[in-house]
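Below is one structure, written out as structure tokens; the observations come after it.
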């Protein structure tokens, strides 16, 4: 969606077009409205849409013709139900592990979808301990019946911190080449007792998340 914006907000013509869209002339009532984020104030657009709860931003990475990766950007009033309808690839990659897939197979699937690198390969560069500490910080508020995998925690507890320790989701030989880690593959079935997995969903999607206040410009 293209829009003309100045410091005073939406130009009248752009705002009217947006309202026509919301009125149902171009989209159904329950549809999610998404806009490119480049140099746009998407919270302003969301407010003008009259349905800010179903409004999101999409940030496309450059070079666009070659990068299929996109970021799904949460606006200030985006509803949790709207976000829940978007595929969360980090969660889905863990569900794939829980369902029996190997990290290397998930990485191959990700690159076929357009990722420049496999999801676990990227994690090993930044370090699995980053996500591990984040998960620990949310432990007290986590819903007891939510589907939670212990394998990512075990990776951190074992001191497998990625390339900086030559061991993470993969092991790394002396030349830095990743090799499948039996420590990981032997532990990948880690569904908590009594938790039934949801119906199978699309496992991976080239998308990521971030609040509008922190998205790249």
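What to note about this one:
- Among residues of the stretch 106-135, those that are crowded, with 19+ Cβ neighbours inside 10 Å and closer than 14 Å to residue 89 by Cβ, counted: 9
- Test: residue in the stretch 140-154 that is outside any loop (DSSP other than H, G, I, E, B), out of contact with any strand residue (DSSP E or B) (no Cβ under 9 Å at 6 or more places or on another chain) and loosely packed, with under 15 Cβ neighbours inside 10 Å: yes
- Scan the stretch 46-64 for residues that are in contact with a helix residue (DSSP H, G or I) (Cβ under 8 Å, 6 or more places away or on another chain) and either outside any helix (DSSP H, G or I) or modelled with pLDDT of 85 or more (or both) and the total you get is 9.
- Residue count for the stretch 110-130, restricted to those that are in a helix (DSSP H, G or I), touching a helix residue (DSSP H, G or I) at 6+ places or on another chain (Cβ under 8 Å) and in contact (Cβ under 8 Å) with a residue 40 or more places away in the chain: 7
The values are calculated or read from the model by the stated rules, or taken from the named source; none is laboratory data. The structure presented is a predicted model; accordingly, all values stated were derived computationally and were not measured. Neighbour counts run over all protein chains shown; Cβ positions are idealised from the backbone, glycine included.
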